[in-house]
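Asks: One structure, as structure tokens, below. Some questions next.
The values are calculated or read from the model by the stated rules, or taken from the named source; none is laboratory data. Only a predicted model underlies this, so the values are computations on that prediction, with no experimental measurement involved. Don't worry about glycine lacking a Cβ; one is built from the backbone with ideal geometry, like all the others, and counts go over all protein chains shown.
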Amino acid sequence: MPLILPHPLMIVPQHIPATNLLAWYQQSRRDLPWRQPNVSAWQILVSEFMLQQTPVSRVLPIWPEWVRRWPTASATAAATTADVLRAWGKLGYPRRAKRLHECATVIARDHGDVVPDDVETLLRLPGVGSYTARAVACFAYRQRVPVVDTNVRRVLARAVHGRPDAGALSSARDLADAMALLPNDEAAPSFSLALMELGATVCTARAPRCGVCPLDACAWRDAGFPAMPGPARRAQTYAGTDRQVRGRLLDVLRAKDSPVTRAELDVAWLTDCVQRDRALDSLLADGLVTRTHDGRFALAGEE
Ligand code: SF4
């Protein structure tokens, strides 16, 4: 007899009870420095900027030194853009460093050096989007707000809706899903952290470890792991992209504490000079690199 898998539309959405998840989190959470009790709201905000689209393993060497050097928003605001870009190192997406610097300036100037505690005000800060605003309100101020990152979206898709991955981004739907699961008491922030941790360490994209999962019920597992309809998604590549070229150009500038010539920049990417010019133009347009009066190049604020 042929094996008949249930159609995804026939899967009944599951609820995620808090008890098992919270108990698992207490036992199994990673000892991340930005989750320690004495970390300030500003330092949590810094960690969330760094963690956007960047794995924990790459943030771990950078964050402790960063908050030791610039423990507050005002200390960060007093640094130059070039200092901040240099300290950002190879975390990638360097526009985040510039936005973090701008965010520090606004908090120091307009908010008395205190990170706002409500989502609406947080959302008006430079570089702070829906996820980061809710993460700070939840993790720094222990508010009952849904926090939805890629890991949470994947757990919700699998455990609640019986799909292998989250599909197209739908902020409103994902927030509503997460809100519906939040416990109605002071355990809500820990529940949000636990859900993220589950997605990051157990319900991973490529190899979910269902054997150690604390959830008693999971719609996707219980339905026999049905595949996503449609063609498989292609993995993103980095090699050869404009992002890689931008990173190479910034590496040259970070390594020097004075402006460099065009020739010194050119050796960073000899494969395709049109692509190199495009990458440099975009760095200039983003305000990450500046051109000096004598035609050389430097990190922003360092001319
Ligand atoms: S049972 Fe497996 S697929 Fe379901 S939430 Fe747990 S790890 Fe993810």
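Asks: Is it true that residue 251 is within 16 Å of the ligand (Cβ to nearest atom) and among the charged types (D, E, K, R)?
Replies: Taking the combined requirement at face value, the residue does not satisfy it.
Asks: Consider segment 132-173. How many of its residues are free of Cβ contacts under 8 Å to residues at least 60 places away in the same chain, away from the ligand (no atom under 16 Å from the Cβ) and not aliphatic (A, V, I, L, M)?
Replies: The number of residues fulfilling the criteria is 9.
Asks: Tell me whether segment 206-214 contains one or more residues that are within 13 Å of the ligand (Cβ to nearest atom) and among the small types (Gly, Ala, Ser).
Replies: yes
Asks: Applying the selection to segment 134-165, what residues are among the β-branched types (Val, Ile, Thr) and out of contact with any Leu (no Cβ under 7 Å at 6 or more places or on another chain)?
Replies: Within segment 134-165, the subset among the β-branched types (Val, Ile, Thr) is 136, 145, 147-148, 150, 152, 155, 160.
Once the filter is applied, which keeps residues that are among the β-branched types (Val, Ile, Thr) and out of contact with any Leu (no Cβ under 7 Å at 6 or more places or on another chain), segment 134-165 yields 145, 147, 150, 160.
Asks: Do any residues in segment 249-271 that are under 15 Å from residue 292 (Cβ atoms) have Cβ atoms under 6 Å from those of residues that are hydroxyl-bearing (Ser, Thr, Tyr), where the two are at least six apart or on different chains, and which pairs are they?
Replies: Going by the 6 Å Cβ cut-off, the qualifying pairs are 259/292.
Asks: Also, quick follow-up: When you scan segment 224-236, do you find a residue that is more than 16 Å from the ligand (Cβ to nearest atom), surrounded by fewer than 17 Cβ atoms within 10 Å (Cβ to Cβ), of a type outside the set (S, T, N, Q) and at positive phi, even just one?
Replies: Checked segment 224-236: at least one residue is more than 16 Å from the ligand (Cβ to nearest atom), surrounded by fewer than 17 Cβ atoms within 10 Å (Cβ to Cβ), of a type outside the set (S, T, N, Q) and at positive phi.
Asks: Here is a further query. Looking at segment 232-274, which of its residues are within 19 Å of residue 97 (Cβ to Cβ), part of a helix (DSSP H, G or I) and of a type outside the set (Gly, Ala, Ser)?
Replies: Matches in segment 232-274: 242, 243, 244, 245, 246, 248, 249, 250, 251, 252, 253, 254.
Asks: Say we look at segment 275-292 and pick out the residues that are over 13 Å from residue 98 (Cβ atoms) and acidic (Asp, Glu); which of these is farthest from the chain's Cα centre (by Cα)?
Replies: 277
Asks: Quick one: which residue in 60, 32, 22 is under 17 Å from the mean Cα position of the chain (by Cα), under 30 Å from residue 163 (Cβ atoms) and modelled with pLDDT of 95 or more?
Replies: 32
Asks: Confirm whether residue 95 is of a type outside the set (A, V, I, L, M) and in contact with a strand residue (DSSP E or B) (Cβ under 8 Å, 6 or more places away or on another chain). Please lay out each step first, then the result.
Replies: Working: of a type outside the set (A, V, I, L, M): yes; in contact with a strand residue (DSSP E or B) (Cβ under 8 Å, 6 or more places away or on another chain): no.
The answer is no for residue 95.
Asks: Here's another thing I want to ask about it. Would you check if residue 71 is touching a residue at least 24 places away in the same chain (Cβ under 8 Å), surrounded by fewer than 16 Cβ atoms within 10 Å (Cβ to Cβ), of a type outside the set (Val, Ile, Thr) and part of a helix (DSSP H, G or I)?
Replies: no
Asks: Yes or no: residue 219 more than 9 Å from the ligand (Cβ to nearest atom), of a type outside the set (Ser, Thr, Tyr) and at negative phi?
Replies: no
Asks: Within the set of pairs 6 or more residues apart or between chains, which connect a residue that is more than 10 Å from residue 21 (Cβ to Cβ) inside segment 213-224 to a residue that is part of a helix (DSSP H, G or I) and within 9 Å of the ligand (Cβ to nearest atom) with Cβ atoms less than 6 Å apart?
Replies: Final answer for the pair search is 218/159; 220/158; 221/210.
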